[in-house]
Amino acid sequence: MIDSDLIKHGGEFARYLANNKFEMTEQGIEFPVAQAEVFGEYQDKYGTEKNLLTIQGLNHLLMVALSNSSKLNDFYLALYSGNFTPTSALTAAQFAASAGEIVSASEGYSNATRPQWNPAAADSGAIDNYANKAEFNIATTGSVTIRGAALLSDWTKGSTSGVLISASRFSNERVEYDGNVYQLGYRVRLQSS
């Protein structure tokens with residue numbers, strides 16, 4: 001839960017990032033001086049997977065919330081099939097090629113664009129789309145292997161533009177077949193550590 005201390009000292013998070021005063025953990029990113037952590041998770045029918053919030057994503061969140069940067073209107077979920085483990089330095093410009101984003105409409109999913117992430121209102125220090133998960137309409141002659149997912153600000157499949165908020169290499173591959181509708185939820189949380 002976001003408490004008054006986190007809100008009161010929110011402007012300091014951008015400085016912590018800029019000065020490398022944070023630690024990457026399995027949960028997400030910990031700010032030891034502030035005794036706070038930010039983490040996210042993806043949820044599908046197979047379970048819940050922890051994610052990596054990127055530096056690019058955290059900088060954007062902090063600049064919008066605590067400075068004068070313009071808010072981006074929408075965010076979109078993407079799937080990837082590459083044998084790739086994201087790092088905190090990963091950006092939207094690198095994501096599609098590095099991760100092997102699934103972009104084919106005939107051997108992937110038939111949606112013309114990345115599905116939009118439509119979260120409910122933030123509550124108790126978290127925001128998610130669990131009540132309205134993004135849907136990927138699987139189209140393939142065999143099967144599609146999904147190894148991970150990402151949350152980005154650009155709707156175009158394979159785009160190198162925008163901001164990459166998070167990415168995750170799933171602990172187990174997801175195998176989907178033609179005609180399936182793969183549903184994906186994403187949550188991000190800020191809490192005291």
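Remarks
- Single residue of the stretch 161-193 satisfying the filter (touching a Phe, Trp or Tyr at 6+ places or on another chain (Cβ under 7 Å) and charged (D, E, K, R)) that is modelled with the lowest pLDDT: ARG189
- Test: residue in the stretch 120-128 that is modelled with pLDDT of 95 or more and among the polar types (S, T, N, Q): no
- Verdict on ALA36 being more than 20 Å from PHE170 (Cβ to Cβ), more than 16 Å from the chain's Cα centre (by Cα), at pLDDT below 75 and open to solvent by 30 Å² or more (accessible area, probe 1.4 Å): no
- Index of the failed condition, GLY125 passing every other in (1) on the phi > 0 side of the Ramachandran plot; (2) of a type outside the set (S, T, N, Q); (3) under 15 Å from the mean Cα position of the chain (by Cα): (3)
- Qualifying position, being closer than 23 Å to GLY142 by Cβ and out of contact with any Cys (no Cβ under 9 Å at 6 or more places or on another chain), among SER70, SER98, SER104: SER104
Listed here are the residues, each with its yes/no results for (1) assigned to a loop (DSSP other than H, G, I, E, B); (2) of a type in the set (Asp, Glu); (3) open to solvent by 10 Å² or more (accessible area, probe 1.4 Å); (4) touching a helix residue (DSSP H, G or I) at 6+ places or on another chain (Cβ under 6 Å).
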{"site": "THR141", "(1), (2), (3), (4)": "yes, no, yes, no"}
{"site": "ALA149", "(1), (2), (3), (4)": "no, no, no, no"}
{"site": "ASP154", "(1), (2), (3), (4)": "yes, yes, yes, no"}
{"site": "THR160", "(1), (2), (3), (4)": "yes, no, yes, yes"}
{"site": "GLU176", "(1), (2), (3), (4)": "no, yes, no, no"}
{"site": "LEU184", "(1), (2), (3), (4)": "no, no, no, no"}
{"site": "VAL188", "(1), (2), (3), (4)": "no, no, yes, no"}
{"site": "GLN191", "(1), (2), (3), (4)": "no, no, yes, no"}
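- Residue, most open to solvent (accessible area, probe 1.4 Å), within the stretch 86-139, restricted to residues that are without any contact (Cβ under 8 Å) to a residue 60 or more places away in the chain and in contact with a Ser or Thr (Cβ under 6 Å, 6 or more places away or on another chain): GLU107
- Residue match in the stretch 150-160 (condition: modelled with pLDDT of 95 or more and on the phi > 0 side of the Ramachandran plot): yes
- Restricting attention to the stretch 66-85, the residues being among the small types (Gly, Ala, Ser) and open to solvent by 30 Å² or more (accessible area, probe 1.4 Å) number 4.
- Number of residues in the stretch 82-109 that are in contact with a strand residue (DSSP E or B) (Cβ under 7 Å, 6 or more places away or on another chain), assigned to a loop (DSSP other than H, G, I, E, B) and small (Gly, Ala, Ser): the value is 5.
- Residues located in the stretch 41-65, provided they are of a type in the set (Ser, Thr, Tyr) and open to solvent by less than 20 Å² (accessible area, probe 1.4 Å): TYR42, THR54
- Taking residues in the stretch 179-193 that are among the basic types (Lys, Arg), and partners anywhere that are not in a strand (DSSP E or B), the pairs with Cβ atoms closer than 6 Å and at least 6 places apart or on different chains are ARG189/GLY125.
- Qualifying positions in the stretch 163-174 - polar (S, T, N, Q) and either in contact with an Asp or Glu (Cβ under 8 Å, 6 or more places away or on another chain) or surrounded by 19 or more Cβ atoms within 10 Å (Cβ to Cβ) (or both): SER166, SER168, SER171
The values are calculated or read from the model by the stated rules, or taken from the named source; none is laboratory data. Every value quoted in this text rests on a predicted model; they were computed, and no experiment measured them. When we count neighbours, we look across all protein chains shown, and the Cβ atoms used for this are built from the backbone with ideal geometry, even at glycine. Calculation scope for accessible area: heavy atoms of the full protein, side chains included, ligands and nucleic acids excluded. Shrake-Rupley method; radii C 1.70, N 1.55, O 1.52, S 1.80 Å.
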